[in-house]
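Asker: Right, I'll just put the structure down here and ask away after.
Just so it is clear, none of the values below were taken in a lab; they were calculated from the coordinates. This one's a predicted model, so the numbers in the text were calculated from it and none came from an experiment. Positions of Cβ are generated from backbone atoms using ideal geometry, with glycine treated the same way; all protein chains shown enter the neighbour counts.
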Amino acid sequence: MSLWIPWWNAIWRLRPAFSRLRTFLWFATAVAGFTVRTELLGVTSLVRALKLDARFYNKLVDHFHSPAVKLDRLTALWTQAVLRLFPQPLRINGRYVVVGDGIKVPKRGRKMPGVKLLHQQSESNTKPEYIMGHSLQAVSLLVHAAASVFAVPLAVRIHEGVLWSNRDRRTLLDKMLALLGIVAIAQPCYFVADAYYAAGKIVAGLLEQDNHLVTRVKSNAVAYTVHQQPGPRKRGRPKVYGRKVRLRSLLEESKGRQQAKSPVYGEHQVVIQYKVRDLLWRPAGRLVRFVAVIHPTRGSCLLMCTDTSLAAIEIIRLYGLRFKIEHTFKQAVRLIGSFSYHFWMSDMKPVRRRSGNQHLHRASPEYRDAVRRKLHAYHVFIQAAVVCQGLLQYLAVAFPQRVWASFGSWLGPASRPRSWSWPMPCATACRNFS
């Protein structure tokens, strides 16, 4: 029970997000089931893992659909809990570091709202080019653990598949900004994301909240020097943009390049070359910092940061840490089962194979409410898994001696030094005392 007591003390912080104590207790039961289960088969696996009576299956399913769960409030409280529970969140220039990315989850249910045809750019043997599934976006907070850094998940939402109005022009960028608003980190932060989020809309939304963006830009992008007025100013609006600069030229020109040891995690005795230049970027409408990086084995890339006071080495280091969220996704899929929900909507019109968004602006109010209820169930299920994953990371960081004393199994000698933030040993330790 030595691990379950701090587990309970941590999850109790989320109590105000539930209208009734009974609803909170069912949520805590679901999170406990995520913690100790060994199979990823939806709600039934939670019932088996906790050795509950079969009659409680419907109670758990009803809990995920319950309007007594205030989802946005739960997300904000979980973020506050993470900031209090983890002793060493990563800070750069006094700012937290938040990582954002998208994930596409296969779903073949023909009566599941939000399921649509999705294209995956990173195709592999296990990731076909086109799938039917849910498209989600996630944000995580970077936290120190021993000599490493890992990403604690804060929130995940389904952001494609359902259109409530034919006038809705919101993009994934708008919805990511809305998700950051729901997370509600009170202090300024750096938002680290891939090249998809290198857009003026993201920059404007972040700067409005005194946050900054660290991202990658495409090599065919252009920027401009600051216009220098050669003589007396003429009538009319003053010119802002000067000479056009193709960012690819920063990689091609050797003049002004600097050398340094790679700040990317896991690399030792690797020397990189980089070049820094502050230029006007038209989508942002302001001066930003570009860093051209040439790696001896990984090739070259162009990074951008809206904070021109941040050192180039820190920009490279921060973007390297973006991939920590990929590790968090792998844990969520393979260990926690964060996306293993199977909630069908019996009254739903079946989704055709290879179909796109579901347009609901002409649907009846009852049908629209039923779709909202089902999406709410998906999000509560995912948020319970997010809380489970974060609590396992917290226990692994705050109580490593207790975890290893209760682990009762074995890890290879190469794995154990890197496993301080792994949920797997902690989940096994909790399971041994369940």
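Asker: Given the Cα-Cα distance of Gln88 and Arg246 and 0.36 nm per residue of separation, how much length would full extension add, in nm?
Answerer: 52.9 nm
Asker: Using 0.36 nm per residue, how much length does the chain from Lys111 to Arg362 gain when fully extended, once their Cα-Cα distance is taken away?
Answerer: 88.5 nm
Asker: Calculate the spin-label point distance for Arg431 paired with Gln273, positioning each point 7 Å from the Cα along the beta-carbon direction, and give it in nanometres.
Answerer: 5.0 nm
Asker: Around Leu14, what is the net charge, scoring Lys/Arg as +1 and Asp/Glu as -1 over all other residues with Cβ under 11 Å from its Cβ?
Answerer: Counting the neighbours of Leu14, the net charge comes to +4.
Asker: Run the dipole for the stretch 16-65 about the Cα centre, Lys and Arg Cβ at +1, Asp and Glu Cβ at -1, nothing else charged, and hand back the magnitude in debye, nearest 20.
Answerer: I would put it at about 120 debye.
Asker: Using 0.36 nm per residue of separation minus the Cα-Cα distance, give me the extension gain between Val226 and Ala195 in nm, one decimal.
Answerer: Full-extension gain reported as 8.8 nm.
Asker: Further question: Report the local net charge at Arg334: Lys and Arg +1, Asp and Glu -1, summed over other residues whose C-beta lies under 15 Å from its C-beta.
Answerer: +1
Asker: Okay, moving on. Below 8 Å, C-alpha to C-alpha, sequence gap of six or more: please give me the relative contact order for the chain in percent.
Answerer: 20 percent
Asker: Would you list which lysines come within 17 Å of Lys244, measuring only between C-alpha atoms, while excluding same-chain residues fewer than 8 positions from it?
Answerer: Reachable lysines: Lys218.
Asker: Which lysines have a Cα lying under 27 Å from the Cα of Lys111, excluding residues fewer than 8 positions away in the same chain?
Answerer: Lys111 reaches Lys59, Lys70, Lys127, Lys175, Lys330, Lys349, Lys374.
Asker: Further question on the same structure: Step by step: find N for the stretch 1-149, compute 2.2 N^0.38 Å, then divide the Cα radius of gyration by it. What's the final number?
Answerer: Its radius of gyration relative to the 2.2 N^0.38 Å reference: 1.25.
Asker: A further question on this structure: Along the charge dipole of the chain, which of Trp78, Gly390, Trp164 sits closest to the positive end, that is, farthest toward it, with unit charges on the beta carbon of Lys, Arg, Asp and Glu (+1, +1, -1, -1)?
Answerer: Final value for the positive-end residue is Trp164.
Asker: Moving to a separate point now. Could I have the simple spin-label model distance between Ala178 and Arg352, label points 7 Å from Cα toward Cβ, reported in nm to one decimal?
Answerer: With each label point 7 Å from Cα toward Cβ, the separation is 2.7 nm.
Asker: Sticking with this structure for a sec: Mind ranking 379-388, 82-91, 253-262 by how tightly packed they are, going by the mean number of other C-beta atoms within 10 angstrom, highest first?
Answerer: Result, highest mean Cβ count within 10 Å first: 379-388, 82-91, 253-262.
Asker: Cα atoms only: what Rg and Dmax, in Å, come out for the stretch 138-246?
Answerer: Considering the stretch 138-246 through its Cα atoms, Rg and Dmax are 19.1, 61 Å.
Asker: Indicate the helices, whole DSSP H runs only, in the chain that combine a mean Kyte-Doolittle hydropathy of 0.0 or more with a Cα extent along their long axis of 15 angstrom or more.
Answerer: 21-36, 71-85, 172-183, 365-398
Asker: Could you give me the radius of gyration and the Dmax of the chain, taking only the C-alpha atoms into account and expressing both in angstrom?
Answerer: Rg, Dmax (Cα atoms, Å): 23.7, 85.
Asker: Applying 1/(1 + (r/R0)^6) with R0 = 51 Å to the Cβ-Cβ distance of Ser309 and Trp344, what FRET efficiency is obtained, to the nearest 0.05?
Answerer: 0.45
Asker: Let me know the charge dipole size of the chain about its Cα centre in debye, to the nearest 20, where only the beta-carbon of Lys, Arg (+1) and Asp, Glu (-1) is charged.
Answerer: 1120 debye
Asker: For labels at Ala204 and Asp369 in the simple 7 Å Cα→Cβ model, what's the distance in nm?
Answerer: The answer from the label model is 3.7 nm.
Asker: Run the dipole for the stretch 212-321 about the Cα centre, Lys and Arg Cβ at +1, Asp and Glu Cβ at -1, nothing else charged, and hand back the magnitude in debye, nearest 20.
Answerer: Taking the Cα centre of the stretch 212-321 as origin, the dipole is about 780 debye.
Asker: Something else about it: Going from the alpha-carbon gyration tensor of the stretch 212-321, what semi-axes, largest first and in whole Å, does one get by taking the root of 5 times each eigenvalue?
Answerer: Calculated on Cα positions only, the semi-axes equal 30, 14, 11 Å.
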